[in-house]
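Q: Below you will find the structure I want to go over with you.
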Amino acid sequence: MSGQPLKIAVAGLGTVGAGVLKLLSQQAQILEQRCGRKVVVTAVSARDRSKDRGVDLSAVRWFDDPVAMAGAPDIDVFVELIGGSDGAAKAAVETALETGKHVVTANKALLANHGTALAERAEGRGLSLAFEAAVAGGIPVIKALREGLAGNRVTEVHGILNGTCNYILTEMRTTGRAFADVLAEAQTLGYAEADPSFDIDGVDAAHKLAVLTSVAFGCPVDFASVHVEGIRHISAVDMAYAEELGYRIKLLGIARLTRLGVEQRVHPCMVPKDAPIAAVDGVFNAVVAQGDFVDRVWLVGRGAGAGPTASAVVADIVDVARGRSTPTFGVPAGQFARLEPSPMEARTGAYYVRLMVVDRPGVIAEVAAALRDHNVSMESFLQRGRAPGEAVPVVLTTHDTDEASMQRALAAISAQAAVLEPPRMIRIEQF
């Protein structure tokens with residue numbers, strides 16, 4: 001082998017950072033062959049110097065300040081695994097680019113909020129800003145979209161982008177347990193954080209979708225335009241009705257080119273049981289891209305964890321070592337397509353609605369009238385049992401309609417005296 005060693009600095013030695021160091025050590029020989037030179041970790045930075053991370057750091061320089069490490073002169077690649085959209089992560093990445101280092105990151109929040117500006121900075125200096133690990137862990141979705149599908153006009157990308165939510169929804173469906181019980185189990189198993197809000201409220205998936213949208217459509221990253229809903233309101237009752245109606249409930253990220261612009265949304269969906277994405281269970285992720293020449297491409301795998309994410313980080317390091325470079329988001333940042341965001345109100349499709357109503361004559365007629373008055377056509381209706389004068393659940397599905405009409409109908413239904421709690425609505429997607 002010839003060539004100078006590629007000198008790496010790793011900021012953040014949590015689960016992923018430690019995984020990267022282990023992979024680089026254990027796979028050193030094969031990586032040297034694939035890179036054409038040795039890859040050497042020369043510096044690291046983390047909060048706790050004394051913590052045992054299962055790797056030997058005795059020969060590596062330690063920095064308490066990741067920003068100072070990012071500016072050190074004897075580093076070729078700065079690997080940012082700190083996390084967070086601002087603070088030390090953002091400052092360190094900016095410093096690395098300013099001082100001529102290539103950057104590899106797994107930080108979807110940073111890219112979702114500052115990706116366009118960082119891409120402009122990196123490309124202006126002829127540097128790589130690589131982020132395969134930021135979306136879907138070990139699944140090579142960024143390379144697939146940016147390079148493998150480079151000859152296609154991609155019109156849609158959608159998928160399961162958060163393993164925590166997919167695990168919770170899978171367990172709710174297969175065991176019949178309540179959301180809170182399964183969430184607590186996920187926390188015990190390490191699938192969910194002590195504060196799970198970013199996951200279960202859809203924010204993590206929305207960060208990833210914003211990045212995927214930019215790569216798929218060659219447009220600026222626009223996290224602010226992503227419609228975001230989480231899974232807190234999904235109940236075991238909804239799971240049971242979904243099964244009866246022939247659906248499964250998944251938290252999906254969906255980005256589409258429409259006649260109005262770019263549609264970006266993250267929310268629970270009912271998908272047909274026989275749709276391939278309905279079979280992706282547990283902590284697995286799935287990403288589906290639609291191209292005009294390739295048709296539909298599926299990518300499924302583990303979306304998180306030390307091993308899969310480290311695999312994606314090191315794949316980017318190999319690209320840098322070999323001098324393989326593409327524009328950060330597939331096209332040069334200065335040539336991004338300026339696409340308008342398509343409003344959520346323009347979404348068209350079917351809907352599932354669950355109501356809790358007083359069981360008395362005329363209630364269903366009142367609900368049907370509200371739907372009719374707002375141009376929503378009911379497809380099916382379910383009521384199990386009778387309890388005159390008591391509260392009973394009623395479930396209905398609609399034919400395709402637009403989101404604005406559906407929301408107006410739901411507001412009218414919610415205002416009816418016989419409706420005892422806000423309607424629960426889940427959008428139906430026919431993949």
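Q: Test each condition in (1) surrounded by 20 or more Cβ atoms within 10 Å (Cβ to Cβ); (2) in contact with a strand residue (DSSP E or B) (Cβ under 8 Å, 6 or more places away or on another chain) for residue 292 and report the one that comes out false.
A: Of (1) surrounded by 20 or more Cβ atoms within 10 Å (Cβ to Cβ); (2) in contact with a strand residue (DSSP E or B) (Cβ under 8 Å, 6 or more places away or on another chain), only one is false for residue 292: (1).
Q: Continuing with this model, one more query. Which count do you get for residues in segment 23-48 that are more than 15 Å from residue 104 (Cα to Cα), aliphatic (A, V, I, L, M) and touching a helix residue (DSSP H, G or I) at 6+ places or on another chain (Cβ under 6 Å)?
A: Residues flagged as more than 15 Å from residue 104 (Cα to Cα), aliphatic (A, V, I, L, M) and touching a helix residue (DSSP H, G or I) at 6+ places or on another chain (Cβ under 6 Å) within segment 23-48 amount to 1.
Q: With respect to residue 320, determine if the residue is touching a Gly at 6+ places or on another chain (Cβ under 6 Å), outside any loop (DSSP other than H, G, I, E, B), in contact (Cβ under 8 Å) with a residue 60 or more places away in the chain and not aromatic (Phe, Trp, Tyr).
A: Criteria not met by residue 320.
Q: Hey, can you tell me all the residues within segment 126-165 that are in a loop (DSSP other than H, G, I, E, B), more than 16 Å from the chain's Cα centre (by Cα) and in the same structural domain as residue 286 (by TED's automatic domain parsing)?
A: Scanning segment 126-165 gives 149, 150, 151, 152, 153.
Q: Still on this structure: Based on what the data block shows, is residue 214 under 30 Å from residue 335 (Cα atoms) and in contact with a Pro (Cβ under 6 Å, 6 or more places away or on another chain)?
A: Details: under 30 Å from residue 335 (Cα atoms): yes; in contact with a Pro (Cβ under 6 Å, 6 or more places away or on another chain): no.
So residue 214 does not fit the description; no.
Q: If I filter segment 256-283 down to residues being of a type in the set (Gly, Ala, Ser) and in contact with a Ser or Thr (Cβ under 8 Å, 6 or more places away or on another chain), which single residue comes out as surrounded by the fewest Cβ atoms within 10 Å (Cβ to Cβ)?
A: 282
Q: What number of residues in segment 340-354 are touching a Gly at 6+ places or on another chain (Cβ under 8 Å) and surrounded by fewer than 16 Cβ atoms within 10 Å (Cβ to Cβ)? Give the steps one after another, and end with the answer.
A: Restricting attention to segment 340-354, the residues satisfying the condition of being touching a Gly at 6+ places or on another chain (Cβ under 8 Å) are 340-342.
Add one more test, that the residue is surrounded by fewer than 16 Cβ atoms within 10 Å (Cβ to Cβ), and what stays is 340.
Summing the residues that are touching a Gly at 6+ places or on another chain (Cβ under 8 Å) and surrounded by fewer than 16 Cβ atoms within 10 Å (Cβ to Cβ) in segment 340-354 gives 1.
Q: Another question, if that's okay. Consider only pairs whose beta carbons are under 8 Å apart and that are at least six residues apart or on different chains; among these, list those whose first residue lies in segment 282-300 and is modelled with pLDDT under 95 and whose second residue is part of a loop (DSSP other than H, G, I, E, B) and among the polar types (S, T, N, Q).
A: As it stands, the answer is none, since no pair meets every condition given.
Q: Checking residue 301 against (1) under 21 Å from residue 115 (Cβ atoms); (2) surrounded by fewer than 19 Cβ atoms within 10 Å (Cβ to Cβ), only one condition comes out false. Which one?
A: Failed condition: (1).
Q: Then there is this: May I ask you to list pairs of residues, at least six apart or on different chains, whose Cβ atoms are under 7 Å apart, with the first in segment 145-163 being in contact (Cβ under 8 Å) with a residue 40 or more places away in the chain and closer than 21 Å to residue 133 by Cα and the second being basic (Lys, Arg) and surrounded by 22 or more Cβ atoms within 10 Å (Cβ to Cβ)?
A: Close Cβ pairs (under 7 Å, with a partner that is basic (Lys, Arg) and surrounded by 22 or more Cβ atoms within 10 Å (Cβ to Cβ)) amount to 160/250; 161/208.
Q: In segment 258-310, what count of residues is obtained for those that are of a type outside the set (A, V, I, L, M, F, W, C) and part of a strand (DSSP E or B)?
A: Step one: list which residues in segment 258-310 are of a type outside the set (A, V, I, L, M, F, W, C), which gives 258-259, 261, 263-265, 267-268, 272-274, 276, 281-282, 285, 290-292, 295-296, 301-303, 305, 307-309.
Cutting the leftovers down to part of a strand (DSSP E or B) gives us 258, 261, 263-265, 267-268, 272, 285, 290-291, 295-296, 301-302.
So the answer is 15.
Q: Moving on. When you scan segment 166-255 for helices (runs of 4 or more DSSP H) that lie fully inside it, which ones turn up with 2 or more residues that are at pLDDT below 95, over 18 Å from residue 424 (Cβ atoms) and not assigned by TED's automatic domain parsing to the domain that holds residue 109?
A: 179-189
Q: As an exercise: evaluate residue 172 against (1) touching a Phe, Trp or Tyr at 6+ places or on another chain (Cβ under 8 Å); (2) of a type outside the set (Phe, Trp, Tyr); (3) surrounded by fewer than 23 Cβ atoms within 10 Å (Cβ to Cβ); (4) farther than 26 Å from residue 290 by Cα and give the number of the one condition it does not meet.
A: Failed condition: (3).
Q: What helices (runs of 4 or more DSSP H), lying completely within segment 1-98, carry at least 3 residues that are touching a residue at least 24 places away in the same chain (Cβ under 8 Å) and buried (at least 18 other Cβ atoms within 10 Å of the Cβ)?
A: 15-26, 66-70, 87-98
Q: Here is a follow-up. List the strands (runs of 3 or more DSSP E) inside segment 355-431, counting only whole elements, that have at least 1 residues being surrounded by 16 or more Cβ atoms within 10 Å (Cβ to Cβ) and among the charged types (D, E, K, R).
A: Working: elements: 378-383, 391-398, 424-428.
In segment 355-431, the matching strands (runs of 3 or more DSSP E) lie at 424-428.
Q: Further question on the same structure: Can you report the number of residues in segment 328-365 which are modelled with pLDDT under 95, over 30 Å from residue 148 (Cβ atoms) and of a type in the set (D, E, K, R)?
A: 2
Q: On to the next question. What residue, among those in segment 390-421 that are in contact with a strand residue (DSSP E or B) (Cβ under 7 Å, 6 or more places away or on another chain) and among the small types (Gly, Ala, Ser), is farthest from residue 263 (Cα to Cα)?
A: Per the stated criteria, the residue is 391.
The values are calculated or read from the model by the stated rules, or taken from the named source; none is laboratory data. As the structure is a prediction and not an experimental result, all values here were calculated from the model. Don't worry about glycine lacking a Cβ; one is built from the backbone with ideal geometry, like all the others, and counts go over all protein chains shown.
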